[in-house]
Amino acid sequence: MDDELNHRARALLRAIEAGRVEVTRSSEPDLKVDGLLCCDQVAARELAHAGLLRPAQPGSTGPWVRAELTPAGRAVLA
């Protein structure tokens, strides 16, 4: 998928890498960057469905948890 990623998608991955992103634990996840809702939910969901990000605390309570890159997500940025 990395050949298909645009600048905005790569910026989202870099923000996740920097610890600035929260994600919902739903089948169609939403993202917040620096506490603000991400305006491109299509890109956010495509990244999640591609397996490039995941919740960092899958068992925690609350609607929002910190997002982290998966190994595939880290490989895209390498």
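Restricting attention to segment 17-30, which residues are free of Cβ contacts under 8 Å to residues at least 60 places away in the same chain and farther than 18 Å from Gly59 by Cα?
Ala18, Gly19, Arg20
For segment 2-9, does any single residue satisfy the condition of being in contact (Cβ under 8 Å) with a residue 24 or more places away in the chain, within 10 Å of the chain's Cα centre (by Cα) and surrounded by 11 or more Cβ atoms within 10 Å (Cβ to Cβ)?
yes
How about the chain: which strands (runs of 3 or more DSSP E) wholly inside it have at least 3 residues that are at pLDDT 90 or above and touching a Leu at 6+ places or on another chain (Cβ under 8 Å)?
Answer list for the chain: 21-24, 64-69.
Limited to segment 35-71, what total is found for residues that are over 15 Å from Val21 (Cβ atoms), more than 11 Å from the chain's Cα centre (by Cα) and open to solvent by 50 Å² or more (accessible area, probe 1.4 Å)?
5
The values are calculated or read from the model by the stated rules, or taken from the named source; none is laboratory data. Worth saying up front: this structure is predicted, and the values here are computed from it rather than measured. Neighbour counts are summed over all protein chains in view; Cβ atoms, including those assigned to glycine, are modelled from backbone coordinates with ideal geometry. Accessible surface is based on the protein model in full, side chains and every heavy atom, while ligands, DNA and RNA are left aside. Shrake-Rupley method; radii C 1.70, N 1.55, O 1.52, S 1.80 Å.
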